[in-house]
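Taking it in order: structure first as C-alpha cells, then the write-up.
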Amino acid sequence: MRSLQEKIFTSQFIAVSARVFLVLTIKKDTSIHETNTSINRALFRFGVV
C-alpha cells in the first residue's frame, strides 16, 4: 500500500511529465518517440507503470 505522500508525488510527476512532453512535442516533432520513451522510462523507475 502506498502512502498518501507517494500518491501526491506521483500525480504531480505525471502532470509535469505531460507538460514537458507537450512542450517538447510542439518544439520538435522529430523527437516525439524519443521523448515518450524517456518519460516511460522515468515513470517505470517511479513504479507508476
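Would you pick out the residues in segment 1-18 that are over 9 Å from the mean Cα position of the chain (by Cα) and not aliphatic (A, V, I, L, M)? Explain how you work it out, then say what you get.
Residues of segment 1-18 that are over 9 Å from the mean Cα position of the chain (by Cα), as a first pass: 1-12.
Within segment 1-18, Arg2, Ser3, Gln5, Glu6, Lys7, Phe9, Thr10, Ser11, Gln12 meet the criteria.
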Check your understanding: Is there any pair with a first residue in segment 1-24 that is within 15 Å of Ala42 (Cβ to Cβ) and a second that is of a type in the set (S, T, N, Q) and in a helix (DSSP H, G or I) whose Cβ atoms are under 9 Å apart and which are 6 or more apart or on different chains, and what are they?
Key -> Val20/Thr35; Phe21/Thr35; Phe21/Asn36; Leu24/Ser31; Leu24/Thr35
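Take the conditions surrounded by 11 or more Cβ atoms within 10 Å (Cβ to Cβ), at pLDDT 75 or above and of a type outside the set (Asp, Glu) and apply them to Ala15. Does it pass? Walk me through it before giving the result.
On the way: surrounded by 11 or more Cβ atoms within 10 Å (Cβ to Cβ): no; at pLDDT 75 or above: yes; of a type outside the set (Asp, Glu): yes.
No, not satisfied.
The values are calculated or read from the model by the stated rules, or taken from the named source; none is laboratory data. Model, not experiment: these values are computed from the prediction. Here the Cβ is made from the backbone with ideal geometry for all residues, glycine too, and neighbour counts use every protein chain on show.
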